[in-house]
Amino acid sequence: MTQNCPTRTLLAETLQQELPLRQATHPHLDCEVTFRYGGFVGSVIECHAELPRAMDHARSHIARIEGESGSVPNGMVILADTMSRSKGRFTRSWHAPAGGVWGCLVHANTLLDLSKRFVPLAVGVACCEAVHAVGGDKATLRWVNDVLFGEKKVAGFLVEGFSGPRYSDEYHMVGFGINVNNRTFPEELSGSATSLVHELGREFDLTRFTTLFLAKLAWNFGLLYYEEATYLENGSYSGQDGMHQLLANWRNLSDTIGQRVVFGFDVMTSPQYEATVIGVDPDGGLRLRFDDGAVVVEHSGEIRYR
Amino acid sequence: MSSKIDFDEILGKYKSDPYNYVDVLAVHTGRVEFKVVDGDDVQAPSGEWQQIPGTRLYEINRERNPKLISAQINGTVMDIRTELDGQFVEAGEKLMTIRHPLKKKEIIEAILKEVLYLFPAPETAKYFFALDIQSRIEKKGAREITIDNGDEILTMSLMKRDTPVYYKGERGVIHSVYFKPGVSVPQGEPLIGVCAPDKLPLIQKIITRVKADWDAE
């Protein structure tokens, strides 16, 4: 018996509720078209009581399906109540006990390079929006896609590319870990991690929260395709001053701009320098100013606030 | 990779003209205004993080959106197209050339790039070796690592999206590594130079010969 088990029916109902909300906040977009673009999210939802790691499970699944000359459903979501070998970037561990949302989305990539770079933003924005929707309106995004309460991380994401072993189709494994009802953390994470139950003082229906997150994910992935089509047609995006709408939404949820930060490709083990964030470029690059006034733009790496 | 290399011809070429000529092109359409003249010495970006821009070469203005373009390499300005100053140009129009004086190390690298198989960056991003390759490099050194067509050798990292990069090319050892972890590599620039194992002595001979010839100067 799994604790976290969203269904296609539940997701469809939630998407119906999302449409008028998006129409109210994005009157300049064709929201029905955007949701149709993102309709692949949750095309299949697999729920497990326990998995070692969802992304490894997804890779094995793709290899098996392709080995049988089959086609992997785009938008497949793999969830597990607990994961025993979950990990963050590089060699970092990720604690995934009962009570959290742990899993991955299999995205069969058909985006152009100019849109692919926004995939990590899409999953971060989706999660932050879901957290806001359940009352966590103090949650913010830290570049690229960490969701924080204050300086503590409530959710983290990994996007890994993968080529199908037989047909070489390109996939994104969009891994997500959201601390919802889990209350305790290993000692090494206790100062830097938090959960919704801890921040908001109540437990959540895990299945409903995950469904809401998937609905937000459908909108944000839909935006990637909608904005790509808009750009190809008009030479600019739909946001103010031609900004990518997803990036505009990211900026509204983020408190990164203006922060004094430490930057590093792997900032935990190899911090490189300290600077002040002065903006985010149209392609998502982080614009940083050194104390001597020089400016750099980083497209890869991570930051920690000072 | 040819095993017959005319050392005298290659070395003669670099001795008679030890420069690299880098064309500076318009980054996009717009009206250009030059900031340098023929014969000016220009500097490359500097600072620990390359955060100090190079010498300003020209300003390009499109729809009241001016952009200053700086030198990416040090050298001397030549063949500047003065007739284009203040004019509207198309993207990719050649504006000037920078004559960059080559150091011995750069000459060796340039010769090696002619004889190694160069595996290019698929996208402008940061790269690091795949964990398996990295651990083998740490144990034995890159030149002991043989890679084959289809091997996962690198991870490309862009905006926290990590994508495995599979080697496409002839079997060989990783002779030269052109990227640094944490430093962005432009699309198309070489990431590694690969050499067939039986050609390694030849490569070593090239390096020794260049060092000897230049030291003898």
| Rounded to the nearest 20 debye, dipole of the protein assembly as shown from Cβ charges on Lys, Arg, Asp, Glu | 980 debye
| remark: Lys pairs in the stretch B:61-161 with Cα under 16 Å (8 or more apart in sequence, or on separate chains) total 4
| said: For a quick check of understanding: with a 1.4 angstrom probe and all protein chains in place, what accessible area in square angstrom does B:His175 have, to the nearest ten? | reply: 10 Å²
| Backbone HN-Hα couplings from phi across the stretch B:168-179 [Karplus 6.51/-1.76/1.60, Hz, Gly and Pro as x] | 10, x, 6, 4, x, 9, 7, 8, 10, 10, 9, 10
| field | Between B and A, accessible area buried - total, square angstrom, nearest 100, 1.4 angstrom probe | value | 2300 Å²
| task | Take the Cβ-Cβ distance between B:Leu200 and A:Gln272 as r, set R0 to 45 Å, and report the resulting FRET efficiency rounded to the nearest 0.05. | result | 0.85
| message | Using DSSP to call loops (not H, G, I, E or B), can you name the GluC sites (Glu not before Pro) in the stretch B:35-89 whose Cβ has at most 14 other Cβ atoms within 10 angstrom? | response | B:Glu48, B:Glu63
| No Cys partner within the rule (Cβ under 4.7 Å), the protein assembly as shown | A:Cys31, A:Cys104, A:Cys127, A:Cys128, B:Cys195
| said: To check you understand DSSP bridge types, tell me what percent of the beta bridges within the protein assembly as shown (both residues inside) are antiparallel, rounded to 5. | reply: 90 percent
| request: Would you mind checking the stretch A:106-137 for residues with the amide N under 19 Å from a putative spin-label position 7 Å along Cα→C-beta of A:Arg202? | output: A:129-137
| query | By its C-alpha gyration tensor, with a ≥ b ≥ c as the square roots of the eigenvalues, how is chain A shaped: rounded for a/c under 1.5, else prolate for a/b larger than b/c, else oblate? | reply | rounded
| ³J(HN,Hα) computed for each position of the stretch B:182-190 - Karplus, 6.51 cos²θ - 1.76 cosθ + 1.60, integer Hz, glycine/proline x | x, 10, 5, 10, x, 4, x, 6, x
| Heavy-atom accessible area, 1.4 Å probe, ligands and nucleic acids excluded: residues of the stretch B:48-94 down by at least 20 Å² from chain alone | B:Trp49, B:Gln51
| said: With every protein chain left in place and a probe of 1.4 Å, what is the accessible surface of B:Asp132, to the nearest 10 Å²? | reply: 90 Å²
| query | Can you give the longest stretch of chain A with no exposed loop site, where a site means GluC sites (Glu not before Pro) in a DSSP loop (not H, G, I, E or B) with at most 15 other C-beta atoms within 10 Å? | reply | A:204-306
| message | Just the number please: accessible area per residue for the stretch A:264-306, 1.4 Å probe, all protein chains included, in Å². | response | 43 Å²
| task | Starting from the amide H of A:Ser254, placed 1.01 Å from N in the peptide plane, find each other amide H under 5 Å away whose residue is 5 or more places distant or on another chain. | result | A:Leu141
| query | Which shape class applies to the stretch A:256-305: rounded if a/c is under 1.5, otherwise prolate when a/b exceeds b/c and oblate if not, where a ≥ b ≥ c are the square roots of the Cα gyration tensor eigenvalues? | reply | oblate
| query | Under a plain spin-label model, where a point goes 7 Å from the Cα along Cα-to-Cβ, how far apart in nm are A:Thr9 and A:Asp137? | reply | 3.4 nm
| remark: Taking A:Ser168, A:Ser43 and ranking on accessible area (1.4 Å, protein atoms only), highest first, one gets A:Ser168, A:Ser43
| said: Can you give me the % of accessible surface on the stretch A:256-305 that is carbon or sulfur? Probe 1.4 Å, all protein chains present, nothing else counted. | reply: 49 percent
| remark: Over chain A, the sum of -39500 (n - 2.57) across DSSP H runs of at least four, divided by residue number and rounded to 500 deg cm²/dmol, gives at 222 nm -10500 deg cm²/dmol
| request: List every residue whose amide H lies under 5 Å from the amide H of A:Gly100, counting only residues 5 or more places away in sequence or on a different chain, with H placed 1.01 Å from N in the peptide plane. | output: A:Val180, A:Asn181, A:Asn182
| For A:Cys128, what accessible area in Å² do you get when you roll a 1.4 Å probe over the heavy atoms of the protein chains, rounding to the nearest 10? | 0 Å²
| task | Show B:Met159, A:Met1, A:Met243, A:Met268 ordered by accessible area, largest first, where the area counts protein heavy atoms only and the probe is 1.4 Å. | result | A:Met1, A:Met268, A:Met243, B:Met159
| remark: If every Lys and Arg gets +1 and every Asp and Glu gets -1 at its Cβ, then about the Cα centre chain A yields a dipole, in debye to the nearest 20, of 540 debye
| task | Determine the order of A:Lys116, B:Lys13 by accessible area, beginning with the largest, at a probe radius of 1.4 Å. | result | B:Lys13, A:Lys116
| message | Placing +1 on the Cβ of each Lys and Arg and -1 on the Cβ of each Asp and Glu in the protein assembly as shown, which of A:Phe213, A:Gly156, B:Ala125 has its Cα farthest towards the positive end of the resulting dipole? | response | A:Gly156
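The values are calculated or read from the model by the stated rules, or taken from the named source; none is laboratory data. Since we're looking at a predicted model, the values are computed, not measured. We place every Cβ from the backbone using ideal geometry, glycine too, and count neighbours over all the protein chains shown. The protein model used for the area step is the full one, side chains on, heavy atoms only, and it has no ligands, DNA or RNA in it. Shrake-Rupley method; radii C 1.70, N 1.55, O 1.52, S 1.80 Å.
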